[in-house]
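First the structure, then my questions, so here it is.
A short reminder: the numbers here are calculations on the coordinates, not readings from a lab. As the structure is a prediction and not an experimental result, all values here were calculated from the model. Glycine gets a Cβ as well: all are built from the backbone with ideal geometry, and neighbour counts include every protein chain shown.
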Amino acid sequence: MPLMTSEQYVESIRNMKRNIYFMGEKLENPVDHPILRPSMNCLIDTYDMAFMPEYEDLMTSTSIITGNKINRFNNIHKSIEDLNKKVKLQRLMGQRTGSCFQRCVIMDAANAFYSTTYEIDEKYGTDYFERFKKFIVKVQDEDLIVGGALTDPKADRSKGPRDQEDPDIYLRVVERRPDGVVVNGAKAHLTGITNAHEVIVLPTMAMKPGDEDYTIAFAVPLDTPGITMIVGRQSCDTRKMENTEIDVGNACYGGVEALTIFDHVFVPNERIFMDGETDFSGMMVERFAGYHRNSYGGCKTGVGDVVIGCACLNAQYNGVEKVSHIKDKLIEMTQLNEQLYCAGIASSCEGYQTKAGNYMVNLLLANVCKLNVTRYPYEIVRLAEDITGGMMVTAPSEADLRSEEVGKYIEKYLVGAGVDAEDRIRALRLMENLSLGTAAVGYRTESMHGAGSPQAQKITIGRQGNFESKKALAKRIAGIKKED
């Protein structure tokens, strides 16, 4: 069954017995919970769209391992074309949902694991590559969603894993058995994890000799004993529980994060893809980060398209869409958004084939893309809020709009240019959601911290910038023959 229907997906998640908590309570029915369901709706679209002829080229691919038709979100990239389609797919999904659609992590992690396990085996004679291929074939053939777990809580960031007061602050192996290992720890910021079948785990950074117990990469089902997900709070999130559509802003779609606990979780040998090879931990993290930073050139521009569209709509409803300074701001927003897309596509076009046979993005350009993402969406949102106006955060509630006593005043005084009060408030609430509400987690804040905060990109750009070769160019032109 290479392609699952959305109905089959929902039932497969419903049938899992998982530990999910929100606001101090265990969720007995997380699939239909109003806080979580909008995030699941994003994943539902990734299944439905794979069956739509107009999206088939972007939504599906052919497995490099089995030759079967698969959902592109589970793809191992076979070519530069695959890398380009990855970015285009993510822009499409951002446009469709106006949110983080959560499924890109496995695509980025899987490709990093595919090439890194191959090179570990090449050096050490391990069998991680074959283990991982069996795992990813299962994911492809059953069309599963796999959440990604990279970031440890870290606590005192001036100290490494072994020097923390609590050794579990970084996820680690606490017991070794003939048939596998037992791990303890936690992973933070797991986007969409409550909607996934499995989770794939990798070290949060390059480890050093002596950090072997922290150098562990694996995958397990999310109903494995010992795994607990604690859903994070988001701005305006409980509006979803108020039986209101307008006040939510984006009532259909949304993202969700969770702190995920691993309390003596057993991992069988066949699901371990790195165990103690500290010299390859940096490679795995860097490659995953490279793919994921390339992805932001797609997903953030897709959501950016929605932000720009909403700003245009609010300008129209305010009667100022043809005012010159408004048009200038919309053009500037578009320029910034397309620059992000350009960097994403460029890092795909400049990709290369790894030893394992899959394709890797250009790391320098992918990190330039993500570093721009830490800035441009903030400016896009600033301009969008400027165009929209202060009513975005002071408009009355849907309950007041429907009120027999005061609704008539809202309908009278909040009309726009050629639009009634309800539609104007809907446009205002969508902008609030995109810039300040639950969608801001998947756009503005995630633009800063997702796939690594700005300094992480600067470090990689510094490594990939090849300053010595650039100095050589300058010296040749200047006629400097002296060696340094």
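Take the alpha-carbon centre of segment 400-422, take the same for segment 85-121, and report the distance between them in whole Å.
Segment 400-422 and segment 85-121 have Cα centres separated by 44 Å.
I've got another one for you. Report, in deg cm²/dmol and to the nearest 500, the calculated mean residue ellipticity at 222 nm for the chain, where each DSSP H run with n ≥ 4 adds -39500 (n - 2.57) and the sum is divided by the residue count.
-15000 deg cm²/dmol
Roughly how many whole Å is it from the C-alpha centroid of segment 162-234 to that of segment 325-384?
Answer, in whole Å: 31.
Once the Cα atoms of helix 80-97 and of the chain are each reduced to a long axis, what angle between those two axes, in degrees from 0 to 90 to the nearest 10, is obtained?
Compared with the principal axis, the helix lies near 30 degrees.
Pairs of alpha-carbon atoms within less than 8 angstrom and 6+ residues apart define the contacts here; what relative contact order does the chain have, in percent?
18 percent
What are the GluC sites (Glu not before Pro) within segment 362-417 that DSSP puts in a loop, where the Cβ has at most 12 other Cβ atoms within 10 Å?
Sites meeting the loop and neighbour criteria: GLU404, GLU405.
Would you work out the relative contact order for segment 280-372, in percent, from Cα pairs under 8 angstrom that are 6 or more residues apart?
Answer for segment 280-372 is 41 percent.
While we're looking at this one, here's another question. Contact order normalised by length for segment 115-256, with contacts defined as Cα pairs under 8 Å and 6 or more residues apart; what percent is it?
20 percent
With each pseudo-label sitting 7 Å past Cα toward Cβ, what's the ASN243-ASP48 distance in nm, one decimal?
Modelled inter-label distance: 2.5 nm.
Beyond 30 Å between alpha-carbons counts as too far, so tell me which of LYS86/LYS159; LYS134/LYS159; LYS187/LYS208; LYS187/LYS370; LYS327/LYS370 fall in that bin.
LYS86/LYS159; LYS134/LYS159
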